[in-house]
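Please read the structure below before turning to the comments.
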Amino acid sequence: MTTNSTKFPYICLGFYLLVVALCAINPHDLTVFFAEIIPIWVIVGLIIWASRYHRFSNTAYALMTVLPVMHTIGAHFTFELVPFDWVTNTFNFERNHYDRVGHFAVGFFAYAMAEAAAANQLVRTRTLVLGLPVVTVLAIAGLYEILEWIWAINADPTAGAAVLGSQGDIWDAQKDMLADTLGAVFAVTLFAALPRNKPLLDKAKQPLDQPQ
């Protein structure tokens, strides 16, 4: 492993902490900021904890950095107000889709899940290596939408609406979960397509008592 590859997770963490520091300056709504950023701190903590037992690839770390960065920016502005007009205007959207792109990035964690499952032989078939992370992302996405709803109905109405970010779309939660799932499908497809991951997929199919 090269020195640069060893340092890469710390570079990702440092970049994220820089974004947090900048976004903590005069956020649009302090209540929304903490409501949005605390779940991300939990995720970052879990990544750090998991890295003690499994060193992910640089690709996995890069993909896992996207959501914390995007979510923190969304926490600063609120997702509805993130400057994303160039996308809205280019595609003639009726609403700000920054949050939808962020949900797509949630699915990127499926890459790391597939990588860890294959490397540690947690599952025994290629189908499960690639399929289980997608199902896991969908399950977590559904749970998050439920927790988000519970928080919103018990919070200040303005802050609750900002956290939900539905922007008047009654099917927002369903579309968010679809975006999460599509991101996961993209991530596992990328994992399977990269030639360097073929040995990991082959390893996952080996019997546990077979020499590596």
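Miscellaneous remarks
- 1 or more residues under 20 Å from the mean Cα position of the chain (by Cα) and at pLDDT 70 or above: qualifying helices (runs of 4 or more DSSP H) within the stretch 133-212: 172-193
- Selection count where residues are more than 16 Å from the chain's Cα centre (by Cα) and loosely packed, with under 15 Cβ neighbours inside 10 Å, scope the stretch 26-50: 5
- Long-range neighbours under 9 Å by Cβ, at least six apart or interchain, first residue within 14 Å of residue 62 (Cβ to Cβ) within the stretch 101-125, second part of a loop (DSSP other than H, G, I, E, B): 111/56; 111/57; 112/54; 112/56; 112/57; 115/54; 115/56; 115/57
- Whichever residue in the stretch 95-110 is of a type outside the set (Lys, Arg) and more than 23 Å from residue 129 (Cβ to Cβ) and, among such residues, is modelled with the lowest pLDDT: 96
The values are calculated or read from the model by the stated rules, or taken from the named source; none is laboratory data. Keep in mind that what you see is a predicted model, and the values were worked out from it rather than measured. As a convention, Cβ positions derive from the backbone with ideal geometry for all residues, glycine included, and neighbour counts pool all protein chains shown.
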